[in-house]
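Following: one structure in structure tokens, then a few remarks.
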Amino acid sequence: MHNIKGVRGAPDILPQKSSRWQRIEEVARAALRRYGYAEIRTPVFERTEVFIRGIGEGTDIVEKEMYTFTDQGQESLTLRPEATAPVVRAYLEHQMAAQSALVKVYYLGPMFRRERPQSGRYRQFHQIGVEAIGSHQPAVDAEVIDLLWKLMVEEFRIPGLELRLNSIGDVACRPEIRERILRYMRDRASELCTDCQGRLGRNPLRILDCKQEGCQRLVAGAPKPLESLCEACADHFAQVRSLLDLLKIPYTVDDRLVRGLDYYTRTAFEVVNPRLGAQNALAGGGRYDGLIEVMGGPPTPGIGFAIGLERVMASIPAEADAQTSLDGVYVATIGQEAHRTGMLLLQELRRRGVRGLIDLEGRSLKGQMRQANKDRVRYCLILGEDELAKGHATLRDMAKAEEQSVPLDHVVARLLELEGERTG
Ligand code: AMP
């Protein structure tokens, strides 16, 4: 029998790494709450048409990256490759507009795309994202971008990031933008990579985003969306920028930045870690004023972002994990009677919120002390036969290497007192 392996591109998150994930999730949830976002949890699968409509035919995701299956020969379902379309589906289905003119929600969870696995690119990966649905106001754009930047820099504490910003127009000026790029690229089509030759017909804007060297050379001379913005879009962009300046958010205007998906309008932004190599985009977002209508709702503006958590984890300095401080107590015992007493003490300590461990493998005292070190506890409570006979236990502070003798019926109170001193 051979061992069954996990699927390539769908990595396990092992216990050594999961505490880092938990820390990131906790600080993110707290910050999102402070910005007035509430969590929405949509299913990991949806009817396929949610994504065909919401992401758009002709995009890489819909054309070749979706995990789609037919459920019991009836309905076509798809594992979500992203969460904006599902959130909009839920927003319309549950008439969330009736609850509030501006709906602010966040999500956190796995996404699925059948991409070629490589460093920083997986087939199951995780995103934290927000959607703010219902307002055109530039203040929403500024608050969303401010939130993203604060999460990355102050909460996740990732050094050396760059924030890139662009505007890609709306229904009024996008046709002109598209036409100008198309005209320029069509004359030079033979110099484009095969992917971009395909994009020419479907989504010429996306050529601006291509990483191929030949295409980049062409893009350098191509017309930029910013040059053809209509007055309303130019004014919107100027207001977003002015608010970001007010909030002291450092951004650079990147006039080649476009988002991969068709429904994006106006503001587009990205957070990049230049040290990460090819897959260096940690987060991306933008306005999608056309999406809700495409999904069958009334014309409704929206904006959001999604952060790729695997790339966040890869960007956090290794020291961040080593700093986990000593926590809780290990009860080391000699003999069966002491072990029984230890289990009772632990029951009470755990009930009172203390992290508590005890030997479950019949180790020697030396082995137990070694394990206590490995488990990174702050205290070790030693219950030997002699001590037990006298109604005492030895309490060892592992950080200070100090010991004291404590009467058994005071052990819980003493430990709670010490924990209180340390944390209070
Ligand atoms: P997108 O939904 O394509 O705008 O992506 C938003 C963010 O999710 C990106 O900036 C990445 O950090 C992350 N991301 C997207 N696709 C993948 C993937 N296949 N593997 C890992 N992270 C991804």
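The values are calculated or read from the model by the stated rules, or taken from the named source; none is laboratory data. Keep in mind it's a predicted model, so treat the numbers as computed, not measured. Please note: Cβ atoms are built from the backbone with ideal geometry, for glycine as well, and neighbour counts cover all protein chains shown. Only protein heavy atoms, including side chains, enter the accessible area calculation; ligands, DNA and RNA are left aside. Shrake-Rupley method; radii C 1.70, N 1.55, O 1.52, S 1.80 Å.
Overview of values
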read-out	value
Nonlocal amide H pairs with G302, under 5 Å, H built at 1.01 Å	G134, Y288, D289
Residue-wise HN-Hα coupling along the stretch 98-110, computed from phi with Karplus coefficients 6.51, -1.76, 1.60 (Hz; x: Gly, Pro)	5, 7, 6, 5, 10, 9, 10, 10, 10, 9, 8, x, x
On Cα atoms only, tilt of 336-351 relative to the major axis of the chain in degrees	40
Prolate/oblate/rounded label for the stretch 57-105 (Cα gyration tensor, a/c 1.5)	oblate
Inter-site label distance for E417 and A281 at 7 Å from Cα along Cβ, in nm	5.9
R0 of 51 Å, Cβ-Cβ distance S190-S325: FRET efficiency to nearest 0.05	0.25
Added length on full extension, which subtracts the Cα-Cα distance from 0.36 nm per residue, Q22 to K248	78.4 nm
Listed pairs K17/K104; K5/K150; K17/K224; K64/K248; K211/K248 exceeding 32 Å between Cα atoms	K5/K150; K17/K224; K64/K248
Per-pair calculated FRET efficiency, R0 = 41 Å: A30 and R350 via Cβ, rounded to 0.05	0.95
Solvent-accessible area, 1.4 Å probe, carbon plus sulfur percent, for the stretch 258-415	49
Under the Karplus curve 6.51 cos²θ - 1.76 cosθ + 1.60, θ = phi - 60°, whole-Hz ³J(HN,Hα) for the stretch 49-57, x wherever Gly or Pro sits	5, 4, 7, 4, 6, x, 9, x, 4
Relative contact order of the stretch 325-419, defined on C-alpha pairs under 8 angstrom at six or more residues apart (%)	30
Label zone at L77, where the point sits 7 Å out along the Cα-to-Cβ direction: the stretch 119-149 residues whose backbone N lies under 20 Å	124-125
Peptide ranges 32-41, 301-310, 411-420 listed from the most packed, as the mean C-beta count within 10 angstrom indicates	301-310, 411-420, 32-41
For A393, residues with placed amide H under 5 Å, excluding near neighbours	V406, L408
Shape category assigned to the chain from the gyration tensor of Cα positions, a/c cut at 1.5	prolate
Prolate/oblate/rounded call for the stretch 325-419, Cα gyration tensor, a/c under 1.5 rounded	rounded
Potential lengthening between E115 and E337 on full extension [0.36 nm per residue; Cα-Cα distance subtracted]	74.1 nm
Full-stretch length increase - L182, R376 - with 0.36 nm per residue and alpha-carbon distance subtracted	63.7 nm
Ranked packing of 130-141, 287-298, most packed first, by mean Cβ within 10 Å	130-141, 287-298
Cα-based helix-to-principal-axis angle, 174-186 vs the chain, degrees rounded to 10	80
J(HN,Hα) series, the stretch 87-97, from Karplus relation 6.51 cos²θ - 1.76 cosθ + 1.60, nearest Hz, glycine and proline x	5, 5, 4, 5, 4, 6, 4, 9, 6, 5, 4
Mean Cβ count within 10 Å, highest first, over the residues of peptides 400-409, 77-86	77-86, 400-409
Relative contact order [Cα under 8 Å, 6+ residues apart], the chain, whole percent	14
The stretch 154-254: relative contact order as a whole-number percent, Cα under 8 Å and 6+ apart	43
CD proxy at 222 nm, helix term only [per DSSP H run n ≥ 4: -39500 (n - 2.57); per residue of the chain; nearest 500]	-11000 deg cm²/dmol
Cα centroid separation, the stretch 175-232 to the stretch 270-295 (Å)	19
Heavy-atom surface of the chain, accessible at 1.4 Å and reported per residue (Å²)	51
